[in-house]
1. Residues in segment 104-116: is at least one out of contact with any Cys (no Cβ under 6 Å at 6 or more places or on another chain), farther than 21 Å from residue 34 by Cβ, among the polar types (S, T, N, Q) and modelled with pLDDT of 80 or more?
2. I need the full set of residues from segment 44-69 which are out of contact with any Ser or Thr (no Cβ under 6 Å at 6 or more places or on another chain) and within 16 Å of residue 96 (Cβ to Cβ), in order please.
3. Looking at 112, 69, which one is touching a helix residue (DSSP H, G or I) at 6+ places or on another chain (Cβ under 7 Å) and under 21 Å from residue 49 (Cα atoms)?
4. Quick check, is residue 8 among the hydroxyl-bearing types (Ser, Thr, Tyr), modelled with pLDDT under 80 and either in a loop (DSSP other than H, G, I, E, B) or surrounded by fewer than 14 Cβ atoms within 10 Å (Cβ to Cβ) (or both)?
5. Please work out which one of (1) modelled with pLDDT under 95; (2) in contact with a Lys or Arg (Cβ under 7 Å, 6 or more places away or on another chain) is the condition residue 60 fails and give its number.
6. Looking at (1) among the small types (Gly, Ala, Ser); (2) modelled with pLDDT under 95; (3) farther than 30 Å from residue 123 by Cβ, which is the one condition that is false for residue 67?
7. Could you tell me which of the residues 30, 36 is surrounded by 10 or more Cβ atoms within 10 Å (Cβ to Cβ) and either at pLDDT 95 or above or among the hydrophobic types (A, V, I, L, M, F, W, C) (or both)?
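The values are calculated or read from the model by the stated rules, or taken from the named source; none is laboratory data. These numbers were taken from a predicted model, which means no experiment stands behind them. Quick reminder, even Gly has a Cβ in these numbers, built from the backbone with ideal geometry, and neighbours come from all protein chains shown.
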Amino acid sequence: MAAKFLQSIHVPHRKKTQDSFPVRLTEVKSVTIPMSMHIGAPAKPVVKVGDYVKVGQLIAEAGGYVSAPIHASVSGTVKKIEDILLSNGSTSQAITIESDGLEELYEGVTPPEVTDLASFVQAVRDSGAVGLGGAGFPTSVKLNVDPEKVDYILINGAECEPYITSDSHTMVDNPIGCTQDSRP
């Protein structure tokens, strides 16, 4: 039997959005948030069905060192906590929040007090920040290094997906992280 070779698929480059501007998405009725949104141990829910939550409120704590806390993305009522099927075929516990449409910000969302490297890493960990690659590796784990051993920091701003331009637009539109629209 002869060997069969598969050829790779080349998706056409269609990043022709340089003149586009971000648009606000329409309001959602509910969100289902998996507890396995990052590599490592799944997050553990700290809310229960019937709880009212607000945007930014902790709904699940990190399940281990290589894990990240998860916060509510909408305000509303927790309707379900159940296992769901993920795109990779595995299952994960997930929290479903029915949005009230108010997008109320949780009162506990405050700027962290950062005084040294340890408090900075803790603030990043508490935020739930994870990498945007396929693994969703917790950013705080990446930052928890001995600064004496770091000579360079390399930031990879390349966007390899052929149709996605959100990263490059963010870097161009908001290069220093300001929240106000600075375009002319």
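1. The answer is yes; a qualifying residue exists.
2. 45, 46, 47, 48, 49, 50, 51, 53, 57, 59, 60
3. On the way: 112 fails: under 21 Å from residue 49 (Cα atoms).
Testing whether each residue is touching a helix residue (DSSP H, G or I) at 6+ places or on another chain (Cβ under 7 Å) and under 21 Å from residue 49 (Cα atoms) leaves just 69.
4. Against the criterion (among the hydroxyl-bearing types (Ser, Thr, Tyr), modelled with pLDDT under 80 and either in a loop (DSSP other than H, G, I, E, B) or surrounded by fewer than 14 Cβ atoms within 10 Å (Cβ to Cβ) (or both)), residue 8 qualifies.
5. The failed condition is (1).
6. (3)
7. One residue alone meets the criteria, 30.
To keep it simple, each residue is scored yes or no on (1) crowded, with 17+ Cβ neighbours inside 10 Å; (2) touching an Asp or Glu at 6+ places or on another chain (Cβ under 9 Å); (3) outside any loop (DSSP other than H, G, I, E, B).
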| position | (1), (2), (3) |
| --- | --- |
| 78 | yes, yes, yes |
| 88 | no, no, no |
| 103 | no, yes, no |
| 107 | no, no, no |
| 115 | no, no, no |
| 119 | no, yes, yes |
| 135 | no, no, no |
| 151 | no, no, no |
| 154 | no, no, no |
